[in-house]
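> Take this structure, written in structure tokens, and hold onto it; I'll ask about it next.
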Amino acid sequence: MSGTGTIAGALVRWQRMHGRHDLPWQASRDPYRVWLSEVMLQQTQVATVIAYYRRFLDRFPDVASLAAAPLDDVLALWSGLGYYSRARHLHRCAQVVVAEHGGRFPASAEALARLPGIGRSTAAAIAVFCFGERAAILDGNVKRVLARVLGDASDLASAASERALWRRAEALLPPRDVDVYTQGLMDLGATVCLARRPRCDACPLARPCVARAEGRPQAYPVKSRRLRRGRRRHALLWLEHAGRWWLVQRPARGVWAALWSLPEYDSADALKALVAAWPGRGEWLPEIEHALTHFDWTLQPLHWRLPDRLSAARLAAVVAALPAGRWFTPADAGSAGLPAPVRRLLAPG
């Protein structure tokens, strides 16, 4: 079996028989719902996304309700899903769609890609599934599938190589059933052509696949530029007074941007020095190991309880030594946008 038409035909037939058909966003041609699912699925497994997707739609059933919501509410619902810049871009994009497009998503991939946070591949997916456009996608899973099937050994860390793969992806598009073909590519990359243990025996493209013929599917795709992982270590202060916790909003840029969190210190020694003269008592809790995209982060929490009966002047002196923030009840904190490790730390029990 060879030829681009045969590849597309085999994939369409496989998708209809063996692909995924029960995902909650698949029955809809509403661009809001498709867009939401595509953004959530970036760097996140389907099994994790489904519950978040349903909760998000319950709270924000359309683009107008999302655009009108405070960012804190959006981040709170996103909490635990990770890669929080997606939530901020989602909110901003909704506002642009409402303000500049009358609450209707543009109907072409080219126009969709001009919206905040919508890249070329996501724009193409929305255009294919919602508007019937004949457009190619090229997310991480699809790059892997195409590089293996085509035996594309070019270095995808190079912009020129990625542009060339885009051209090959466009050349593979079938004249019809592009939505089925596109879903098939997504499903194949997610369930069969896996990064570490590809299931070549179950693949509809096993016969034309160059990587399988070579016996080295894991050699593809080639991407030479690998980021070196760093390591960071900080201390966190979980300060409690009269049943409330002091939380600070993180900067608008950087890790956990705009989320509410516990005050962070450069070291446990720095935090010890801060609390040395404070009333109350403290307890060092087990360290938290948290993996982010580019570094591993060790967080050492100190839970310090101030006496409930504390003079206003003494409490004010403690607060003056803290980063700007405010007191939260546990219920308020539970509905705020918190990073997942902090949410787990503060969870009762």
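> Residues with beta-carbon under 13 Å from that of L165, excluding L165: net charge, scoring Lys, Arg +1 and Asp, Glu -1?
Values: positive: R120, K143, R144, R148, R163, R167, R168, K223; negative: D139, D152, D155, E162, E170.
Around L165, the surrounding residues sum to +3.
> Let me ask another. Using a 10 Å Cβ count of at most 13 others and DSSP loop calls, identify the longest part of the chain lacking such trypsin sites (Lys or Arg not before Pro).
Values: sites that count: R29, R104, R114, R176, R196, R199, R225, R226, R228, R229, R253, R309.
That would be 30-103.
> Which net charge results for the neighbourhood of G254, defined as the other residues with beta-carbon distances under 14 angstrom from its beta-carbon, given Lys and Arg at +1 and Asp and Glu at -1? All intermediate terms of the calculation are to be shown ahead of the outcome.
Values: positive: R88, R232, R250, R253; negative: E264.
Taking every Cβ under 14 Å from that of G254, the sum is +3.
> Oh, and also: Can you compute log10 of I(q)/I(0) for region 251-349 with the Debye formula, treating each Cα as one identical point scatterer, at q = 0.14, 0.22, 0.23, 0.25 Å⁻¹?
Ignoring solvent entirely, the Cα scatterers give -0.63, -1.55, -1.63, -1.71.
> Sticking with this structure for a sec: Dipole of the chain, Cα-centred, from +1 at each Lys and Arg C-beta and -1 at each Asp and Glu C-beta, to the nearest 20 debye?
With only Lys, Arg, Asp and Glu charged at Cβ, the dipole is about 700 debye.
> For the pair R216 and E110, how long in nm is the line joining their label points, each one 7 Å along Cα→Cβ?
Roughly 4.1 nm, to one decimal.
> Please work out how much length the chain gains when fully extended from R309 to A157, using 0.36 nm per residue of separation minus the C-alpha to C-alpha distance, in nm with one decimal. Can you show the working numbers first?
Details: separation 152, 0.36 × 152 = 54.72 nm, distance 5.97 nm.
Fully extending the segment from R309 to A157 adds 48.8 nm.
> Any chance you could run the full-extension gain for Q26 through E170? It's 0.36 nm times the residue separation minus the Cα-Cα distance, nm to one decimal.
Details: separation 144, 0.36 × 144 = 51.84 nm, distance 2.28 nm.
The span from Q26 to E170 would gain 49.6 nm if fully extended.
> Assuming 0.36 nm per residue, please report the length gained on full extension of the stretch A195 to E287 beyond their Cα-Cα distance.
That pair, A195 and E287, stretches by 30.0 nm at full extension.
> Please report the net charge: other residues with Cβ closer than 11 Å to the Cβ of S65, K and R +1, D and E -1.
On the way: positive: R59; negative: D58, D62, D73.
In short, -2.
> Here's another thing I want to ask about it. Radius of gyration and Dmax for the chain's Cα atoms, expressed in Å?
24.3, 81
> In whole angstrom, how far apart do the alpha carbon centroids of region 124-198 and region 279-349 sit?
Cα centroid to Cα centroid, the span is 44 Å.
> Using only the alpha carbon atoms of region 151-303, find the Kirkwood hydrodynamic radius as the inverse mean reciprocal pair distance, in angstroms to one decimal.
Working: mean 1/r = 0.0487 Å⁻¹.
For region 151-303, inverting the mean 1/r across all distinct Cα pairs yields 20.5 Å.
> For region 84-132, just list the percent of Cα-Cα distances falling in each 10 Å bin from zero outward, please.
For region 84-132, the pair-distance distribution reads 30, 57, 14, 0.
Any read-out appearing in this document is the output of simple, stated calculations on the displayed coordinates, not a laboratory observation. As the structure is a computational prediction, the values presented were derived from the model and not from experiment. Note that each Cβ is placed from the backbone with ideal geometry, even for glycine, and that neighbours are counted across all protein chains shown.
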